[in-house]
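In what follows, a single structure is set out as structure tokens and then discussed.
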Amino acid sequence: MEDNKHIENGSDEEFASTDRIITEIKTTKKEEEEEEQQEIFSIEKVFESQEVPAWRDQLTFRAFFVSFILGIMFSFIVMKLNLTTGIIPSLNVSAGLLGFFFVKTWTKFLEKSKMLKQPFTRQENTVIQTCVVATSGIAFSGGFGSYLFGMSEVIAKQSEEANDPQNIKNPRLGWMIGFLFVVSFLGLFSLVPLRKIMIIDYKLIYPSGTATAHLINSFHTPEGAKLAKKQVKALGKFFTFSFLWGFFQWFFTATEACGFKNFPTFGLKAYENTFYFDFSATYVGVGMICPYLVNISLLVGSILSWGIMWPLIDAKKGDWYRADLPPKNLNGLQGYRVFLAIALILGDGLYNFFKVMSRTLSAIIQQLRKRDTTIIPVADRPDLTTTSISYDDRRRTELFLKDQIPFWVAVGGYLAVAAISIGTLPQIFSQLKWYYIFVAYIFAPVLAFCNAYGAGLTDWSLASTYGKLAIFTIGAWAGASNGGVIAGLAACGVMMSIVSTASDLMQDFKTGYLTLASPRSMFVSQVIGTAMGCVIAPCVFWLFYKAFNSIGIPGSEYSAPNALVYRNMAILGVDGFGSLPKHCLTLCYAFFASAILINGVRDAVGNKVARFIPLPMAMAIPFYLGSYFTIDMCVGSLILFVWEKMNKVQADAFAPAVASGLICGDGIWTLPQSVLSLAKVNPPICMKFLSRGTNSKVDNFLEKLS
């Protein structure tokens, strides 16, 4: 109509119409150029020519075979970290990288043999990463270095409170596997109906899941594949070095106090206060992965505790506590170490709990205000809103909503597993009554949602904080005379397993969304990985438990320090604070308040200043553990810092691979070391470091003998 009017009104209008058409053509051309420019950076345009396999085709035998092998490897790594310091770095990158390497090698061999039937896709790579992380995740959430081992007689003997038979349960392979099977799957069913809300409607970031997806996407481009090969090569070199270095060190560890790990790097006085470098490739690698602030916070905590506080409190021996107490008695100096650490951990944990909870509730309220609140946006209900979204988001949303997991499967699965769990857990732990579990399962989905939502906003999972809350609530409910310690620790395991696996699953859904992996394949992979972990993790722990007689003993290689912390939290929950040494409770209040104050200051000053303020949670770890691993991790940070100054691009590309190689090699060495120990093959040499005076006495003694 408009063009016809212009023609009828004469030549001037014709010129005006011509100018307008030219302008429209130029505008259209400019818009097309902008769209083309955007498409250059479109990930899904790169993979547009590749057909996305059906969800069943993403679940291949080779994917689960590789996942099984990597799951065993990573379970050893996580178990070793659990039983030493309890600091577990993210292994998602390593899982994605090694999964790519193994299957790519497999498919290349078959391709050369002309036997390849199905190419290796990024969706299959995502399935492998999901399965491996689910498997190794059980080694952490299973509590082998915390609540589960805290039930044992070995840990109970280190505390004079609640060490009676009804508050002790020693590890056994059978009940550990059964316990994990009945508690580890509930979290998978609890949030499945809400995946659309979390991923598409609320567009939560899930930084770890997003980073893993970008990594996998890059691997499957031609340039990414070349870089991945170089990264795997670097990982392999440092894996070999780390493994051989662990083997070499073993020859000099004939007894507990021998070997490179006891090298007095900064002198014997510093060594007595745990300030030394113990030549651990694992913690050098962990230090390279952890942010600088975490490592600096550990160092600050080490200096504050072992450099200042413990020497000052030790000088009060005979006044604040009895002078004749053993060094590891909780009524003496060890009590200050453990309970001040607990105060910092609880202060930091509760602050972040309420912080994340408030952010979660605020974000939910804002989201609900934007939509019709009469409709609950579960995954099975399509979103009818038409918004302008990019090609990538349109493509990803289409495929994410294609393979639905029926609502009845999630609800039915949760109710069925909960019913089995309520009937089974009291048979494993007689102190844990069925109504404790029933109440926990009523609140568990809400807490799982809060944890998964908070992780989506901040990448911070508060699973251990929810577990500690369960320790105090269920433990106090049961009471000391009714086995409240075991009831609290078991309830901690129930709650940690649910909220941890729910958060992990949502992270994996985010990874799958960004790599076009089907939600069904993600869910099935998580279920299979969890099932494998429920068997692999207890078996790996049992190997440690049988191979190393000193496991759980303070000062030993595998002291499991968190187990004592969790047990003492349970004791506090049922008995109160009456057994603490003099002034310990006052100091606990001060450190609890300090943790809240430090976090408040960090949030108030902004990110630029906050990156120089230490983290209370990280500061607390060396309080009861020592400073040696802190030195290792700071060495890792120093290596990374110098590398970034010399060549930042190279450091960004290869530092995670180098760190993963160091961690994996040293972690895998634990397997042959355990086998040698079980076979009673002992190291031939003891390398010890003595002071000049002690060495003279030893020499004189040996001369007299000769």
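The values are calculated or read from the model by the stated rules, or taken from the named source; none is laboratory data. As the structure is a prediction and not an experimental result, all values here were calculated from the model. Positions of Cβ are generated from backbone atoms using ideal geometry, with glycine treated the same way; all protein chains shown enter the neighbour counts. For accessibility, only protein heavy atoms count, side chains too; no ligands or nucleic acids. Shrake-Rupley method; radii C 1.70, N 1.55, O 1.52, S 1.80 Å.
For this structure, a couple of remarks:
- Exposure ranking of 122, 322 by accessible area [1.4 Å probe, largest first]: 322, 122
- Residue 596 versus residue 610: modelled label distance in nm, points set 7 Å from Cα along the beta carbon direction: 1.9 nm
- Additional length obtainable on full extension of the chain from residue 415 to residue 226, 0.36 nm per residue less Cα span: 63.3 nm
- Normalised contact order of the chain, rounded percent, pairs of Cα under 8 Å and 6 or more residues apart: 32 percent
- Computed extension gain for residue 244 through residue 205, at 0.36 nm per residue and net of the alpha carbon distance, reaches 10.1 nm.
- Partner lysines whose Cα lies under 17 Å from the Cα of residue 582, excluding those fewer than 8 positions away in the same chain, are identified as 316, 317, 328.
- Full extension of the segment from residue 368 to residue 254, taken as 0.36 nm per residue of separation minus the current Cα-Cα distance, would add 34.6 nm.
- Label of the coordinate-derived value, volume of the Cα convex hull per residue in Å³, listed as (1) 243; (2) 188; (3) 212: (3)
- Residues residue 114 and residue 439, FRET efficiency given R0 of 56 Å [Cβ-Cβ distance, rounded to 0.05]: 0.40
- About the centre of its Cα atoms, the stretch 393-448 shows a dipole size close to 100 debye [charges on the beta carbon of Lys, Arg (+1) and Asp, Glu (-1) only; nearest 20 debye].
- Check: the chain dipole with +1 on Lys, Arg Cβ and -1 on Asp, Glu Cβ, in debye: 2480 debye
- For the chain, with +1 on Lys and Arg beta carbons and -1 on Asp and Glu, the positive-most of 357, 270, 550 along the dipole: 550
- Stretch in the chain that is longest and holds no GluC sites (Glu not before Pro) that DSSP places in a loop and that have at most 12 other beta carbons within 10 Å: 161-706
- Against the chain, whose longest principal axis comes from its Cα atoms, helix 561-575 is set at around 80 degrees.
- Distance (nanometres) between label positions extended 7 Å along Cα→Cβ at residue 312 and residue 324: 3.0 nm
- Around the Cα centre of the stretch 270-332, unit charges on the Cβ atoms of Lys, Arg, Asp and Glu (plus for the first two, minus for the last two) sum to a dipole of about 120 debye.
- Close amide-amide hydrogen proximity is noted between residue 253 and 685, each under 5 Å apart and 5 or more residues distant or on a separate chain (H modeled in the peptide plane; Pro and chain starts excluded).
- Near-label residues of the stretch 255-288 by backbone N, under 19 Å of a point 7 Å along Cα→Cβ of residue 696: 268-269
- In Hz, Karplus ³J(HN,Hα) per residue of the stretch 205-215 (6.51, -1.76, 1.60; θ = phi - 60°; x = Gly, Pro): 6, 6, x, 5, x, 5, 4, 5, 4, 4, 4
- At most 15 other Cβ within 10 Å, DSSP loop - trypsin sites (Lys or Arg not before Pro), the stretch 619-680: 680
- Placing a label point 7 Å from the Cα of residue 686 along the Cα-to-Cβ direction, the residues of the stretch 257-292 whose backbone N falls under 16 Å from that point are 257-263.
- The Cβ shell under 13 Å around residue 153 holds other residues with a net charge of +3, Lys and Arg each +1, Asp and Glu each -1.
- Dipole orientation for the chain: of the candidates 479, 215, 192, 479 has the Cα lying most toward the positive pole (charges on Cβ; Lys, Arg +1; Asp, Glu -1).
- Accessible area of the chain divided out per residue, in Å², using a probe of 1.4 angstrom: 46 Å²
- Residues residue 172 and residue 676, FRET efficiency given R0 of 25 Å [Cβ-Cβ distance, rounded to 0.05]: 0.55
- Volume per residue for the stretch 212-318 equals 148 cubic angstrom (convex hull of Cα atoms).
- Highest to lowest packing among 524-530, 606-612, 475-481, scored as the average C-beta count within 10 Å: 524-530, 475-481, 606-612
- The accessible surface of the chain, taken with every protein chain in place and a 1.4 Å probe, is 63 percent carbon and sulfur.
- Lysine pairs in the stretch 223-284 with Cα atoms under 27 Å, if 8 or more residues apart or on separate chains: 4
- Förster-model FRET efficiency, 45 Å R0, residue 45 and residue 88, C-beta, rounded to 0.05: 0.75
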